[in-house]
Every structure is written in structure tokens, then in C-alpha cells.
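The structure under discussion appears below in the form of C-alpha cells.
The values are calculated or read from the model by the stated rules, or taken from the named source; none is laboratory data. Quantities reported herein were computed from a predicted structural model and do not represent experimental measurements. Here the Cβ is made from the backbone with ideal geometry for all residues, glycine too, and neighbour counts use every protein chain on show.
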Amino acid sequence: MDFLDIGATAVSGGVLGTLGTALGRVTGYFERRAEHHQERERWQHELQLEETRARHAVDGAELGQRSAQQTASYSALAESQRNAAVLESGYPWVAAVRALVRPVLTPFLWLLYLIVFFSVMSGAADQFLDDAAEAEFVGYFIANIAFTASAATLWWFGDRARQFR
């Protein structure tokens, strides 16, 4: 064996070692890629789990809110029924008059508001008051009638509003 054979053997061993190292590195690259892919899938799964938990928490909160609203609505209705039972009279005409108060009062207040508004706008109120008193009185009167009419409207129709789900 001469130096050339020894050199060729050393070079071929080096090449084989380099190829083995390169093969190890290529294999390691694919192994890491597979591990990263698996890790990414695990993270995506955990993310989906957290999103599902969050969605269920929101759904639970909404359900609790709806339940609380219905409980409050039922409590208000029950209290209203108790109050109505206390006010019951033995006379049917008293119950009939009492039942007509809100439905008659509401349009009456709006009619009164419109009469005052249009009488002021047409100048019909000028003959009863001087300008300063008329302005103050009519402004105050219109503000109070508007407040009362809107309060009666909301009182009468507000608890009868349809609830959308």
C-alpha cells in the first residue's frame, strides 16, 4: 500500500463521512420539519379549543342575560298583577273606568298638546296674554304637555313592545 492508496482511502473516507453528515443533516431537516408541522397542528388545535371555550362562554353569558331579562319581566308582570288585584273593586263600572284611564289619557294629552301648539302657531293665544307672559306660559305649558304626553305614551305602550331575539 503506497501513499496514493492511503490518500485515496482517506479522501474516500472523508467523502463518505461528509456524505454521512450531509445525509444526517438532510434527515434532521425533515425530522424538524415534521416536528414543527406537528407542533403547528397542536397549536392550531389548542387555538380552536380556546375559541370554542370563548364561544361557549359568550353563549352562556347571553343565555344568562336572557334568563335574567325574562325573570325581571316575569317579576314585573307578577307585581303588576298583584297591584291590579289590590285595586279590584266590587263594582264593574269602577273597573271599566279604571281600565280606560291610560288608553283615554294618552290620546287626550296628545290632542291637548296639538291644540295648544296650533293655537300658538296661528296667533289665537295673542288676545289672552301679553307677549312676554304668553311666550313664557306657552313655552312652559307646551314643555309640560309634551313631557306628560310622551311619558303616558311610553307608559302605555312601552311595556308592550315586542322583544326581538
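The table below lists the values:
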| item | result |
| --- | --- |
| Options Leu63, Leu49, Leu112; residue that is under 19 Å from Trp155 (Cβ atoms), surrounded by 10 or more Cβ atoms within 10 Å (Cβ to Cβ) and at pLDDT 75 or above | Leu112 |
| Residue satisfying condition, being more than 30 Å from Gly139 (Cβ to Cβ) and not assigned by TED's automatic domain parsing to the domain that holds Ile142, within set Arg66, Arg98 | Arg66 |
